[in-house]
Amino acid sequence: MVIIPDEGVLELNLNGSWEFWGEEPGRIVQVPGDLYALGVSVVTDKAYEYRRQLTVPEVFRGKRIFLELASIHDDTEIIVNKKTAAVNRIPYMDCRIELTQFLTPGETAELALHCISRSDSLTSSPRLPGAPGMVGFLHTMRLTALEQSLLTVFRYETLPDGQGGTMLKLHME
């Protein structure tokens, strides 16, 4: 997946070197990257952690800050400065997680991603606990900052279009 930034979206690319805590604590791995190709052993039902420091750009001040991840595996817990910000349990989905309340522009924060490849995952054939698993980030990872939304009301309804189809009616304030 290629992420094309919208005009007016500020971005901090998080690709590059991350600490990986697995069988070899503190090993440096590259994101995006395939752990198997790097020779890193990963098994099912065991937690692994990616960790790095990041400085939130000052230009993010006054904006909503999001972490964008693409095609993440099984369970991923997003931790900012040792506080859980979100948990994603939908494998292989792209997600946008708001981190505004956890990050301060101009300051450095620790971002950790706890990942588990589950043996009972619905996305692949069943695997035995302890069998080889899949953990990793194979696509671009980034922080984005968007303007504060002024949208207060959003309603929709579907209506017949008079030609056998359907029309979508939106009401926004």
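What follows is calculated from the coordinates using simple rules that are stated; it is not laboratory data. Note that the structure is predicted; figures quoted are calculated from it, not measured. Cβ placement follows ideal geometry from the backbone for every residue including glycine, while neighbour counts extend to all protein chains displayed.
What order, most packed first, do the peptides 103-111, 44-52, 162-170 have when packing is the mean number of other Cβ atoms within 10 Å of each residue?
44-52, 103-111, 162-170
Among all the lysines, which ones have a C-alpha under 24 Å from Lys83's C-alpha, if same-chain residues fewer than 8 places away are not counted?
Lys46, Lys63
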